[in-house]
């Protein structure tokens, strides 16, 4: 699968476009329902702000379709690089609606229900994503992305990213996107969920 199509859109647009794509690892996975865009060296919340380069963030400077995984406390978080080589932008995959391998994911998480994959650390734990996946290419390593949307959101909501305080306008910028009313979106309140349609057309 050629990921040049990623580079043909701004990263925030890609973060919206990826909603409804399938994400799979070794037979377990589901539909992407929540993302966050990180838009490069000017983004004060990004790991490359100011052009920072380290051994840990090297994958961010790789070509579109590269997987960037980093550790945050006890969890791993997975990103997809979205632009050409040396243009370090990416999309954090924040949540999926599980469709395959639910027993396997529940065993890894010790959880069931909507809490199974409703956050970036949760979904990485459920899918067994860790630093071995950092720097690999989608569909060439363990992590597989569908070739197109498998389901279309009825409505895409947006708001500030989560967990990036004290960064001025970058803290409040509406660069988090989610399938409105999907129960697996992180922090989704019960009264906001549509458990019948899960927010799909």
Where both residues lie in region 4-192, what percent of DSSP beta bridges are antiparallel, nearest 5?
-> 100
So if R0 is 30 Å, what FRET efficiency would residue 4 and residue 131 give, r being the distance between their Cβ atoms, rounded to the nearest 0.05?
-> 0.65
Of the residues 140, 89, 58, which exhibits the maximal mean-square fluctuation in a Gaussian network model of the chain defined by a 10 Å Cα contact cut-off?
-> 140
GNM of the chain, Cα pairs under 10 angstrom: of 54, 11, 99, the biggest fluctuation goes to 54
With an 8 Å cut-off on Cα pairs and a minimum separation of 6 or more residues, tell me the relative contact order of the chain in percent.
-> 25
Once label points are set 7 Å from the Cα along Cα→Cβ at both residue 190 and residue 140, what is their separation, rounded to one decimal in nm?
-> 4.7
Given 0.36 nm per residue, what is the gain on full extension from residue 148 to residue 166 after removing their alpha carbon distance, in nm?
-> 2.9 nm
Using label points projected 7 Å from each Cα along Cα→Cβ, tell me how many nm separate residue 197 and residue 115, to one decimal.
-> 2.9
Once the mean 1/r over all distinct Cα pairs of region 1-148 is inverted, what Kirkwood radius in angstroms do you read off?
-> 15.1
Gyration tensor on Cα atoms of region 1-58, a ≥ b ≥ c root eigenvalues, a/c under 1.5 rounded, else prolate if a/b beats b/c, else oblate, says prolate
Looking only at 185, 164, 33, which one moves most when the chain is put into a Gaussian network model with springs between Cα atoms under 10 Å?
-> 164
Given 0.36 nm per residue, what is the gain on full extension from residue 100 to residue 55 after removing their alpha carbon distance, in nm?
-> 12.8 nm
Spatial separation of Cα centroids for region 1-75 and region 110-130, in angstrom | 18
Going highest first, how would you order 116-122, 91-97 by mean Cβ packing within 10 Å?
-> 91-97, 116-122
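Taken together, the values in this text are just the output of simple stated rules run on the coordinates, not laboratory data. Computed from a prediction, not measured in an experiment: that's the story for all the values here. Quick reminder, even Gly has a Cβ in these numbers, built from the backbone with ideal geometry, and neighbours come from all protein chains shown.
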